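Read through the structure below, which is laid out as structure tokens, and then see the notes.
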Amino acid sequence: MEQIYFRKGFGLKGAIEGALVADYHSRVVDAVRERGYCLALGDLTFRLAREFGFCYGVDRAVEYAYETRTKFPDRHVFLVGEIIHNPHVNAKLQSMGVEFLSREAGGDFDFTGITAQDVVLLPAFGVTVKDFERLRAVGCVMVDTTCGSVLNVWKRVESYARDGYTAVIHGKAYHEETKATSSQATKFPGGRYLVVRDMAEARIVCDYIEGRGDRASFLATFAQAMADGFDPDRDLERVGVANQTTMLSGESLAIAEEVRKSMAVRYGAASVAEHFRTFDTICSATQERQDAVLKLIAEPLDVMVVIGGYNSSNTTHLAAICQDRAPTFHIEDSACIDPEAGTIRFRPVFAHAEEQRADWLPAGPLTIGITAGASTPNNKIGETIERIAATRGLSLEAVLG
Ligand code: SF4
């Protein structure tokens with residue numbers, strides 16, 4: 001029988017390496033790295049976080065997408081959602097003829113145009129159990145790029161559901177990874193999940209566990225973030241905490257601790273193990289990028305620039321970490337900086353809309369911190385540095401030789 005499900009690559013690395021270098025490599029980033037992650041240019045000093053940009057999961061997903069295009073040159077290749085949350089990478093795939101499937105107004109993905117002759121890429125964040133089964137029923141080739149760290153969270157959520165614990169997931173209910181992760185609980189009869197976005201929502205859950213909640217208001221708050229038929233009186237008796245891989249790790253740990261304390265209040269310290277489980281499922285790449293940016297902002301910075309998709313969870317968290325220490329500009333792409341006009345387009349931390357600012361680089365010598373989310377390719381980081389320098393009338397040509 002012909003193999004139609006792939007998740008280990010096609011052994012075509014040699015064939016796609018040139019394209020990956022052309023599309024994503026940066027001589028500027030190499031030059032900054034070679035200089036100890038610090039580049040002095042005129043009166044500007046650029047300091048790059050030690051860990052930034054593409055993570056192992058994104059590297060793998062992008063490589064696998066390029067391999068898929070090479071392996072099936074004559075077939076329709078579809079992608080469920082976005083391969084990762086980066087507009088440049090997604091545009092590259094589109095230019096290679098990969099067709100993007102989107103959700104219908106907040107509902108399901110439209111798979112109606114897919115046939116058994118087609119190839120479908122599953123993104124690094126994974127797809128829901130329901131979507132996986134729908135695609136399996138079509139009989140198309142599936143190339144699954146779900147990151148191993150996401151699969152680890154799924155295993156944890158499955159084990160909670162199997163053992164009768166509700167999975168309380170610290171994450172964003174609308175994020176594709178969290179949709180996919182929470183759906184794993186539904187593989188088991190009676191499997192339940194609840195998604196909490198932050199500590200404020202976790203406190204609502206904790207209050208309910210301790211017997212201080214209001215049922216109607218609880219159900220209204222979590223209407224879009226819980227399993228069908230979720231009953232807080234029944235389903236908060238035993239919970240297991242997990243997280244979307246890209247959340248703020250400190251907040252995730254604090255949420256788990258709050259839930260544990262509430263279980264102790266409700267059932268007594270000796271019985272906590274029967275009612276509470278936890279496992280830190282922040283991925284190591286997210287942790288390393290958050291740790292690296294904390295080190296970077298421990299030194300004085302005049303400006304911080306964070307590069308990555310506005311819908312990239314890990315990028316927005318990097319920007320949130322920085323904002324208290326330095327004026328922080330979260331830009332989606334290097335093109336957000338216009339050296340001619342001296343402007344920057346950015347999305348302020350926690351805002352929903354982009355802003356544009358003129359004269360954003362203060363006069364005088366400046367130290368500028370740079371980092372990028374796990375879905376940002378190096379060429380966009382290098383171009384950002386070049387455009388900041390150009391805003392000051394400086395060129396990197398001499399540095400690049
Ligand atoms: S951010 Fe973490 S979980 Fe997501 S793709 Fe990268 S390594 Fe995997």
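The values are calculated or read from the model by the stated rules, or taken from the named source; none is laboratory data. Just so it is clear, the model here is predicted, and its values are computed rather than measured. Every residue, glycine as well, gets a Cβ built from its backbone with ideal geometry; the counts of neighbours run over all protein chains shown.
Some notes on this structure:
- Condition met for residue 36 (surrounded by fewer than 23 Cβ atoms within 10 Å (Cβ to Cβ), of a type in the set (Gly, Ala, Ser), under 23 Å from residue 290 (Cα atoms) and more than 16 Å from the ligand (Cβ to nearest atom)): yes
- Subset of segment 300-326 [of a type in the set (Val, Ile, Thr) and either away from the ligand (no atom under 16 Å from the Cβ) or surrounded by fewer than 18 Cβ atoms within 10 Å (Cβ to Cβ) (or both)]: 303, 305
- Residue 109 meets all of the listed conditions (1) out of contact with any Leu (no Cβ under 9 Å at 6 or more places or on another chain); (2) under 29 Å from residue 86 (Cβ atoms); (3) touching a residue at least 12 places away in the same chain (Cβ under 8 Å); (4) more than 16 Å from the ligand (Cβ to nearest atom) but one, namely (1).
- Extreme residue, nearest to residue 176 (Cα to Cα), among residues of segment 308-332 that are among the β-branched types (Val, Ile, Thr) and free of Cβ contacts under 8 Å to residues at least 60 places away in the same chain: 316
- Residue 361 vs. criteria away from the ligand (no atom under 16 Å from the Cβ), among the hydrophobic types (A, V, I, L, M, F, W, C), modelled with pLDDT of 95 or more and touching a Gly at 6+ places or on another chain (Cβ under 6 Å): no
- Segment 112-129, residues that are more than 16 Å from the ligand (Cβ to nearest atom) and either surrounded by 23 or more Cβ atoms within 10 Å (Cβ to Cβ) or not charged (D, E, K, R) (or both): 112, 113, 114, 115, 116, 117, 119, 120, 128, 129
- Residue check, residue 67 in contact (Cβ under 8 Å) with a residue 12 or more places away in the chain, more than 13 Å from the ligand (Cβ to nearest atom), touching a helix residue (DSSP H, G or I) at 6+ places or on another chain (Cβ under 7 Å) and not in a loop (DSSP other than H, G, I, E, B): yes
- The residue of segment 237-246 that is nearest to the ligand (Cβ to nearest atom), among those that are assigned to a loop (DSSP other than H, G, I, E, B) and under 23 Å from the mean Cα position of the chain (by Cα), is 245.
- Only a single item in (1) under 28 Å from residue 57 (Cα atoms); (2) assigned to a loop (DSSP other than H, G, I, E, B) is not met by residue 370, and it is number (2).
- Single unsatisfied condition, residue 234 versus (1) without any contact (Cβ under 8 Å) to a residue 12 or more places away in the chain; (2) under 30 Å from residue 145 (Cα atoms); (3) not aliphatic (A, V, I, L, M): (2)
For every residue, the table says whether it meets (1) surrounded by fewer than 20 Cβ atoms within 10 Å (Cβ to Cβ); (2) among the aliphatic types (A, V, I, L, M); (3) within 30 Å of the chain's Cα centre (by Cα).
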{"site": "354", "(1), (2), (3)": "yes, no, yes"}
{"site": "357", "(1), (2), (3)": "yes, no, yes"}
{"site": "361", "(1), (2), (3)": "yes, yes, yes"}
{"site": "368", "(1), (2), (3)": "no, yes, yes"}
{"site": "374", "(1), (2), (3)": "no, yes, yes"}
{"site": "382", "(1), (2), (3)": "no, no, yes"}
{"site": "385", "(1), (2), (3)": "no, yes, yes"}
{"site": "392", "(1), (2), (3)": "yes, no, no"}
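- Considering only residues in segment 265-299 that are buried (at least 17 other Cβ atoms within 10 Å of the Cβ), of a type in the set (D, E, K, R) and part of a helix (DSSP H, G or I), the one that is nearest to the ligand (Cβ to nearest atom) turns out to be 289.
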